[in-house]
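Following: one structure in structure tokens, then a few remarks.
The values are calculated or read from the model by the stated rules, or taken from the named source; none is laboratory data. It should be emphasised that the depicted structure is a prediction, and the values quoted were computed from it without experimental measurement. Virtual Cβ from ideal backbone geometry, glycine too; neighbours counted across all protein chains shown.
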Amino acid sequence: MSAAMATPDTDLDLWLAQQTDKSLLRFMTCGSVDDGKSTLIGRLLYDSQQVLDDQLASLKKESHNRTVGDEGIDFSLLVDGLSAEREQGITIDVAYRFFSTDKRKFIVADTPGHEQYTRNMATGASNAELALVLIDARKGVLTQTRRHSFILSLIGVKHVVLVVNKIDLVDYDQATFDRIVADYRAFAEPLGFKSLAAVPVSALRGDNILTNSERTRWYSGEPLVPYLENIDVAEDRTAEKFRFPVQWVNRPNLDFRGFSGTVASGVIKVGDEVLIASSRKPAAVRSIVTMDGELERAIAGQAVTLVLDREVDVSRGDVLTHAGETPEFSNQFQARLVWMNDEPAFPGRSYLLKIGAQTVPATITDLKYRINVNTLEQTAATKVDLNEVATVTLATDKPIAFDPYAANALTGGFILVDRLSNATLGAGTIEFGLRRAQNLTYQSFDVNREVRARMKGQTPRIVWFTGLSGSGKSSIANILEQRLTAEGRHAYILDGDNVRHGLNKDLGFTEAARVENIRRVAEVAKLMADAGLIVLVSFISPFENERRLAREIAGDVDFTEVYVDTPLAVCEARDPKGLYKRARAGEIKNFTGIDSPFEAPANPELVLHGAEAEPAALAAELKDWLEL
Amino acid sequence: MHANRLTHLQALEAESIEILREVAASFERPVMMYSIGKDSSVLLHLARKAFFPSKIPFPLLHVDTTFKFKEMIAFRDQTAKDYGFELIVHTNQDGVRDRINPFDHGSSRYTDIMKTQALRQALNAGKYDAAIGGARRDEEKSRAKERIFSHRNANHAWDPKNQRPELWRTFNTRLNPGESMRVFPISNWTELDVWTYIYSEQIPITPLYFARPRPVVERSGTLIMVDDERLPLAPGETPREEVVRFRTLGCYPLTGAIRSDAADLPSIIMEMQASRTSEREGRLIDSDSVGSMEKKKQEGYF
């Protein structure tokens, strides 16, 4: 933004300079129902003289018949703005309020105490630097106090003020205050807050809000507002590694191609060498464009447009970083999850994961444990219910760039979205990439699939045969490969049995092992296609899900699913390897067609009827269909 | 700017630009509401910055109730010419046919037909999946509760009990067919932020915000400007010249002017600081009943 002031005005400029120097504290209030959060915020607004005359007049009018403070005002009415909230006297959703003192500007998120609306509390926490945890002095530390504190630590709020409210209702008793503070400190110790203060307060009567109260002479700490004015929560985001998630590709004409986004952390300067997280391709920053002119450098928080010095493939969702300081780039990681939907989270279910500007399908692969918010104990579980917190592992359909949440909230925090209803179901914070995916980077090579394919004079592809044992898959594949080879093409057969002798000999026939079997083979097939080959995969692959997985792994490689449809009776009569006989005798468990199902493909590219023609004829039919 | 820290206004500006870009990148047919007021002027300025050097990649929509100040319309057309954005003006023709006006039909029915219904018509006609507005959370209590990306069902209705949790700046922008999103990029700005930004960025605003002698009548303590001959005068009521300005702008018969000498931006900002009344005090439609803004919003009002 331009700093130029066109018309200098001494008074105003002086005042503006003061405003500019004021720092901004974003904080939130949380705690249980009826502990007086809304009243406290109303009190903060009133005492900092942010309540204007017309608002005050209507407030006094609405305050009759309600619990009012010394000033005859029900302060909670200042913030509970929804009709349903007024009816029920509870806060449903986050309200954002603004006030300022001579020293500081404040944006406060008033978050609901009701358990049903914990998700809204997490929402408020995600943008707060400090939290006021309210406790009703008569009730002490409650489940909801613990739940909220735990979520604060999870979301990364580092500064907490324990506000022991309604101290007037316990006759300003020091022992009560001390006991509550001791209870809370014992619980919060493992949560690792950077600072934790405690203030005895009556929001209704105004004790220890602006000034120390005469009624709590035993309290020697600062009153609430001065404490909030003075606490230092600043974190220098520019000292962190440079992260620039690309939000929008800026292309006004053929001569300009810029990448618009907000610097999530660090500093970027013209001339800096950057790396594109997905392709690992390097480029240098040619200019940093804004409407106010080009910049020499941009810092964390600035929204700019970067122009690079060469044509590289960058799209929305990519992350630009400095070389040598790249984020993790993988498709598996461990995360903490706060669940926000009535429908529980289940391992194995597919969701959409959004992190920065990247959105990808993702599955919870393992639910490691749920965390009991009262005790912080970890317990085993098979699902995560509304408002519960769990540690899970997730797998995404394609690798994403991320940082551990502790290192960077903007590149380590994500949401999960329902694929049908589009509701936001949960929020997560990434702990670390999983070992097996860690340290793996996709190296970008100049000799790629296209080059290799050109050398071989063919289009690489994967032909995936599915069908019962004995249906004729391998025979057809064999003949097809012979013909292709005779014509000078390069093909290879991946056969189920053969692969199980080598690559997959550690795998059995349980459902999990079958999934892994298919995953590995699909990955190998993709590598072979990348090498320029026509890959013929002859696998029973009985489950629709696995075949879908194989297709997804193939990505942009041409993938043809060929269903060799041969009746079980025919296959069993053929029984080329004697397996059906053994399965019938009970010697082989989980045998497809006998005691394990075969899910016939709903939409294969091609169906070959194995009982109606010889393998040679079927191979010819397939070759024609593939136009090979 | 401090070498390693953004000022308050710079941080707000960057946050709003990020939101505007997210809209452009995530929706198929976004539209920006343009009400010609100061918030709209700031929003327009932010949008120009967000997409520079590209043009704003969506049209601006003005719902013309036919009772806007003449100067607002002139300013609107001039601004569209100066910046070259696509301007769509929509008026509820059913309302025009039925001669709906705030005098005979009352402010709330008039607002419903000429603003809320008109807006719904325009959004449906354009098949817009995201409508960007200049609402701020400091304006009104129910607005303080609104998300930055606020989901609307296929009937444009808002359900305050079922808002999507909004963590960090990771916005869930996904919609089912027929649904839409209201997006408020300047949610976290205050009225004072808006004015200081207009001042420091030299953003053009309509002259109605500056004090000038204007013909007004006083009704139950509110100063109404006689902008044209359609304002019915009570027997014995004659408009008189007073030096007034507007703090907020809507339809002229429903917008109260304030007595003020603030004829330029510095004076306006100084006056604002000293003010003991809220911005929307002059908006007659807000005080129809308690919770009236919320109700209007549930029905599709902004």
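Below, the figures for the structure above:
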| read-out | value |
| --- | --- |
| Scope the stretch A:186-236; condition polar (S, T, N, Q), more than 23 Å from A:Thr145 (Cβ to Cβ) and not in a loop (DSSP other than H, G, I, E, B); matching residues | A:Asn230 |
| Of the criteria (1) within 20 Å of A:Thr560 (Cα to Cα); (2) surrounded by fewer than 19 Cβ atoms within 10 Å (Cβ to Cβ); (3) in contact with a helix residue (DSSP H, G or I) (Cβ under 6 Å, 6 or more places away or on another chain), which one A:Leu507 fails | (1) |
| Positions within the stretch B:219-230 being surrounded by 13 or more Cβ atoms within 10 Å (Cβ to Cβ), assigned to a loop (DSSP other than H, G, I, E, B) and free of Cβ contacts under 8 Å to residues at least 40 places away in the same chain, in sequence order | B:Val226 |
| Test: A:Leu169 is away from every other protein chain (no Cβ under 11 Å), over 30 Å from B:Leu192 (Cα atoms), buried (at least 24 other Cβ atoms within 10 Å of the Cβ) and at pLDDT 80 or above | no |
| Candidate set: the stretch A:415-449, residues that are under 25 Å from A:Asp556 (Cβ atoms) and assigned to a strand (DSSP E or B); chosen: the one modelled with the lowest pLDDT | A:Gly433 |
| Criterion violated by A:Thr375 - all others in (1) of a type in the set (S, T, N, Q); (2) assigned to a strand (DSSP E or B); (3) surrounded by fewer than 20 Cβ atoms within 10 Å (Cβ to Cβ) satisfied | (2) |
| Any pair with Cβ under 6 angstrom, 6 or more apart, that starts in the stretch A:129-148 at a residue that is surrounded by fewer than 21 Cβ atoms within 10 Å (Cβ to Cβ) and ends at one that is basic (Lys, Arg) | A:Glu129/A:Arg26 |
| Test: residue in the stretch A:268-276 that is within 14 Å of chain B (Cβ to nearest Cβ) and modelled with pLDDT of 95 or more | yes |
| Residue, surrounded by the fewest Cβ atoms within 10 Å (Cβ to Cβ), within the stretch B:2-24, restricted to residues that are modelled with pLDDT under 85 and more than 7 Å from chain A (Cβ to nearest Cβ) | B:Ala3 |
| Some residue of the stretch A:222-235 being under 30 Å from the mean Cα position of the chain (by Cα), of a type in the set (Ser, Thr, Tyr) and away from chain B (no Cβ under 14 Å) | no |
| Selected residue [in a helix (DSSP H, G or I) and either among the β-branched types (Val, Ile, Thr) or under 15 Å from the mean Cα position of the chain (by Cα) (or both)] from B:Met32, B:Met72 | B:Met72 |
| Complete set of residues in the stretch A:240-257 that are closer than 28 Å to A:Phe402 by Cα and more than 8 Å from every other protein chain (Cβ to nearest Cβ) | A:Glu240, A:Lys241, A:Phe242, A:Arg243, A:Phe244, A:Pro245, A:Val246, A:Val249, A:Arg257 |
| Enumerated strands (runs of 3 or more DSSP E) restricted to the stretch A:294-355, each holding at least 3 residues that are closer than 15 Å to A:Pro245 by Cα and at the interface with chain B (Cβ under 10 Å from one of its Cβ atoms) | A:303-308 |
| Any hit, the stretch A:544-555, residues being over 28 Å from the mean Cα position of the chain (by Cα) and either at pLDDT 90 or above or farther than 21 Å from A:Asn448 by Cβ (or both) | no |
| Test: residue in the stretch B:155-174 that is buried (at least 18 other Cβ atoms within 10 Å of the Cβ), touching a Leu at 6+ places or on another chain (Cβ under 9 Å), over 25 Å from B:Asp39 (Cα atoms) and within 14 Å of chain A (Cβ to nearest Cβ) | yes |
| Exclusive hit being among the aliphatic types (A, V, I, L, M), at pLDDT 85 or above and closer than 15 Å to A:Thr592 by Cβ, set A:Leu494, A:Leu468, A:Leu484, A:Leu503 | A:Leu468 |
| Residues that are charged (D, E, K, R) and over 27 Å from B:Pro253 (Cβ atoms), drawn from the stretch B:104-153 | B:Lys127, B:Asp129, B:Arg137, B:Lys145, B:Glu146, B:Arg147, B:Arg152 |
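Let's see how each residue does on (1) assigned to a loop (DSSP other than H, G, I, E, B); (2) modelled with pLDDT of 90 or more:
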| site | (1), (2) |
| --- | --- |
| B:Tyr199 | no, yes |
| B:Ile203 | yes, yes |
| B:Pro213 | no, yes |
| B:Pro235 | yes, no |
| B:Leu249 | yes, no |
| B:Ser267 | no, no |
| B:Glu271 | no, no |
| B:Gly300 | yes, no |
